[in-house]
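Inspection log for the structure reproduced underneath, given as structure tokens.
None of the figures in this text is laboratory data; all of them are computed from the coordinates on show. Only a predicted model underlies this, so the values are computations on that prediction, with no experimental measurement involved. Virtual Cβ from ideal backbone geometry, glycine too; neighbours counted across all protein chains shown.
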Amino acid sequence: MAEIKDTIARLFPEATFEDGDTLLVNIPDKRWHDLASTLRDNSELKFDFLVTIVGMDWADKLGCYYYLTSTEYNTHISVKVTTEDKEHPMLHSVHDLWQIAGIFEREVYDFFGIVFIGNPDMRRLFLDIDWKGFPLRKDFDESEENNPVSVESERQSDFTDTWVELPDGEVEKRQVRVFQPEDFVVNIGPQHPATHGVLRFRTAIDGETIKKIDVYMGYIHRGIEKICEKLTYPQTLHFMDRMDYFSGHPYHHCLCMTIEEAAGIEISRRAQVIRVIMDELSRIASHCLFIGTFCMDLGATTMLFYTLRVREQILDIMEKTCGARMTFNYGAIGGVMQDLAPDFVQDVKALLEVLPRNIKEYNKLFTGNVITKNRMEGVGVLSKEDAISWSVTGPSGRASGWACDVRKTDPYSIYGELDFEQVVKTEGDSMARFKVRMEEMEQSARIISQLIDNIPDGEYCVKVPKVLKLPAGHWFRTVEGCRGTFGVFLESDGTTSPYRLKLVPPSLTAAAVVDHITRGNKIADLITIGGSLDYIVPDMDR
Amino acid sequence: MPYDAWKDNEYIEKLVKELQANGTNVVVGSLDKLINWGRSNSIWPLTFATSCCGIEFVSLGAARYDMARFGWEVARSSPRQADFMMVAGTIVKRMAPVMRRLYDQLAEPKYVIACGACAVSGGPFKKSYHVVMGIDQIVPVDVFLPGCPPRPEAMIYAIMQLSRKMKVEKFFGGVNRKENQKEFLKAHPIQDVEN
Ligand code: SF4
């Protein structure tokens, strides 16, 4: 940490530093792009993974936090860039350094109206073209009259805006085309059985070959981040189940951890073990459903019935303890909501017994199949460099050879003590993404079997003040969700509700990379590739 | 399910009474019965799931809850082949026009079930700036099914409820629930679309 600070201070004397959970660098906007390229390219720093960009509105100024990680040295850093101009806020874009930055910047523009100079595509990301106002600003007018419900189709434009900096320092707005007039554009979604929810692709094709895909999100944007600002901390928890509804437990875990860290709450060992078992159970359930729906997309409908069998068994276990089949709301600040059901251990053991047989069956039925191989092997290859640059984490990133499992790189809870392997493959194609998930189920089972026999006694939830106030400050924590790195950024101003709660979903990057992977492939492969990336639309839209 | 186990018999009885206010022709009445028997036992849903509730709908289709027992398993991806729309999931403002268009594309006679707290009233997202607070602002709804998400058993109950409603309808002439639907569509017009 100290060396990083010295290196930056030497090269950028105007930078100031703040110590927190990660080192925070303050830099004026005009030096930001230089700092960014140094951070990425300097051989001592090598921050090649942009975790997220958090837009902020501090009432008197607007700005962003950039969270960066070095995959080589496993170090973290954050950078804060601000602007005081609230009428026409502008910052410099870094889309040329990290590919994913283009999408992250669009998100910030959509929510805060901050324009990024140099970003080639400054359209809204989640809200439609005629939406009035920037919802995450503190002075946003939320009234129904401002943006009424309409049944008229939204306006469509083939143009996008970009702001270019001229040599004399002036900034000029230009219009550019997204699709060329001669392009043949096919619309896929938002209502389409293979898009896994309401995602929309505008696809330019040449014969059957994909030339370009423009991804439209926001058909299930529910504004969770803004709602959370109006709720108390315990009230914000239940939204975690409703984003990525397959990995509710890990998401709860992350938000609880962040709040507990901020409030200085120590939780009991029993609660930690329960949380980890639940995380891993939901990982198995999630991957089961992935396999089922993915195979169904490829035409193997029967697989869905086989995989749902295991999933139902897990849901039964969950239901006995949490009281719900999907929206568990089980994590609580200070531990978990209720104690385990009396026959929890017995049920989990029964599951562990049948799981290997089931996985073997899936492999026999599907993985070795000739059609499967033809459709998946070598289709949609994502290289390791691209996976990092596009921030594609989770099983999809690991299929490209990037060892990005947060449970290993930054062990949280009790993962550091457990014996399991990180599944990494190097092919980077759809088959690898599929196999990584298959094998991860085995690893999850391995983790559970280590814990299930010795769940320690103790309280399942420690005493937490009824009215929970967090000290002023900000925190950022990540966990390994079922689909990749899930992060929570929390800024508190010392009251009972968050000043800003930013959720960093893994599905957003997975959907953003679709354009990059599918170019040059056949349109039928879009289904394979999209399915193998396994994004959940309400997760990316929030 | 035995008649007494239903919770809303009054409503159905009222509906029957209204429909039979002018008496029934013997021939047309028997034909009606035959057609409605067929219709109410093969209701095909449109695959339409936006979020969490949709996953429970998938469970409903799988072996454990097995909606094929009731003749509902033919989930269609094209609205033109479906009988009803199970709106499973949150509908947001950007999705509203799309959903309305899907509804308009359904072949008559068509029905809508609002499945889950979100579709009924906005549910957990009541304070949101982008969620439609109840899909009855966009399309006429036949059955409201609360729950977050409703259990698959509850979904079975809701669809059975719909099929009861279908059974008492008049297919040939006379007044039926289509009147309400027409009024609704007149009150919520879309440019250049005739209802
Ligand atoms: S009602 Fe609950 S489960 Fe259903 S879509 Fe809404 S939030 Fe999800």
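Give the calculated FRET efficiency between A:Asn26 and A:Asp457 to the nearest 0.05, with a Förster radius of 51 Å applied to their Cβ-Cβ distance. Please list the in-between numbers first.
Numbers: r = 47 Å, r/R0 = 0.93.
Approximately 0.60, to the nearest 0.05.
Per-residue Cβ neighbour counts within 10 Å put B:Trp44, A:Trp32, A:Trp475 in the sequence B:Trp44, A:Trp475, A:Trp32, beginning with the fewest.
Working from label points 7 Å from Cα in the Cα-to-Cβ sense, the B:Glu18 to B:Lys127 distance is 3.8 nm. Modelled spin-label separation between B:Glu73 and A:Asp316, with each label point placed 7 Å from Cα along the Cα-to-Cβ direction: 2.1 nm.
Mean separation of Cα pairs under 8 Å and 6+ residues apart, divided by the residue count of the stretch A:224-541: what relative contact order is that in percent?
Values: 574 pairs, mean separation 83.0, N = 318.
After rounding, I find 26 percent.
Pair-distance distribution P(r) for the stretch B:7-186, from all Cα-Cα distances in 5 Å bins starting at 0: 1, 8, 16, 20, 20, 16, 10, 5, 2, 1, 0 percent. A Cβ-based charge dipole, computed about the Cα centre of the stretch A:224-541 with Lys and Arg at +1 and Asp and Glu at -1, lands at about 400 debye. Computed over every Cα-Cα pair of the stretch A:320-396 and binned at 5 Å starting from 0, the pair-distance distribution P(r) comes out as 3, 11, 10, 11, 12, 14, 15, 13, 10, 2, 0 percent. Each of B:Gly122, B:Ser40, B:Leu106 was scored by the projection of its Cα onto the charge dipole of chain B, and the greatest displacement toward the positive side belongs to B:Gly122; charges sit on the C-beta of Lys, Arg, Asp and Glu. The convex hull built on the alpha-carbon positions of chain A has an orientation-averaged projected area of 25.3 nm². Could you list log10 I(q)/I(0) for the stretch A:224-541 at q = 0.10, 0.15 Å⁻¹, which the Debye formula gives when each Cα is one point scatterer? Rounded to two decimals, the profile gives -0.55, -1.21. With contacts taken as Cα pairs under 8 Å and at least 6 residues apart, the stretch A:1-136 reaches a relative contact order of 19 percent. Neighbour counts of C-beta atoms inside 10 Å place B:Ile55, B:Ile35, B:Ile135 in the sequence B:Ile35, B:Ile55, B:Ile135, starting with the fewest. Kindly identify the stretch A:1-136 as rounded, prolate or oblate by the Cα gyration tensor criterion: order the square roots of the eigenvalues as a ≥ b ≥ c, call it rounded if a/c is under 1.5, otherwise compare a/b with b/c, prolate if a/b is larger, else oblate. Prolate, since a/c reaches 1.5 and a/b exceeds b/c. Note on A:Tyr73 and A:Glu172: their simple-model spin labels are 4.1 nm apart, each label 7 Å out from Cα toward Cβ. Only the Cβ atoms of Lys and Arg (+1) and of Asp and Glu (-1) were treated as charged; on that basis the dipole of chain A about its Cα centre amounts to roughly 1220 debye. DSSP finds beta bridges in the protein assembly as shown, and of those with both partners inside it, around 75 percent are antiparallel.
When only the Cβ of Lys, Arg, Asp and Glu is charged (+1, +1, -1, -1), the dipole of the stretch B:7-186 relative to its Cα centre reaches about 340 debye. Among beta bridges identified by DSSP and lying wholly in the stretch A:1-136, the antiparallel ones come to about 75 percent. Excluding same-chain neighbours fewer than eight residues apart, the lysines reachable from A:Lys384 by a Cα-Cα span under 23 Å are A:Lys46, A:Lys211, A:Lys212, A:Lys373, A:Lys408, A:Lys425, A:Lys435, A:Lys522. For A:Thr75, the residues whose modelled amide H falls within less than 5 Å of its own, excluding neighbours fewer than 5 places apart on the same chain, are A:Ser70. For the stretch A:273-344 versus the stretch A:402-452, the inter-centroid distance based on Cα atoms is 17 Å.
Per-residue ellipticity at 222 nm computed for chain A from its helices equals -11500 deg cm²/dmol, with DSSP H segments shorter than 4 residues left out and the rest contributing -39,500 (n - 2.57). Toward the positive end of the charge dipole of chain A, with +1 on the Cβ of Lys and Arg and -1 on the Cβ of Asp and Glu, the farthest Cα among A:Thr409, A:Trp131, A:Ser286 is that of A:Ser286. The alpha-carbon of A:Lys320 sits under 23 angstrom from the alpha-carbons of these lysines, leaving out residues fewer than 8 places away in its chain: A:Lys349.
DSSP loop trypsin sites (Lys or Arg not before Pro) in the stretch A:193-259 with at most 14 other Cβ atoms within 10 Å of their Cβ, which ones?
Working: sites: A:Arg200, A:Arg202, A:Lys211, A:Lys212, A:Arg222, A:Lys226, A:Lys230, A:Arg242; in loops: A:Arg222, A:Lys230.
Of the trypsin sites (Lys or Arg not before Pro), the ones in loops of the stretch A:193-259 whose Cβ has at most 14 other Cβ atoms within 10 Å are A:Lys230.
Positive-end ranking of A:Ser497, B:Ala5, A:Pro250 along the dipole of the protein assembly as shown, with charges on Cβ about the Cα centre, is headed by B:Ala5.
What is the fewest-to-most order of A:His88, A:His196, A:His76, A:His221 by other Cβ atoms lying within 10 Å of their Cβ?
Details: A:His88 11, A:His196 23, A:His76 20, A:His221 28.
Ordered from fewest to most neighbouring Cβ atoms within 10 Å, A:His88, A:His196, A:His76, A:His221 come out as A:His88, A:His76, A:His196, A:His221.
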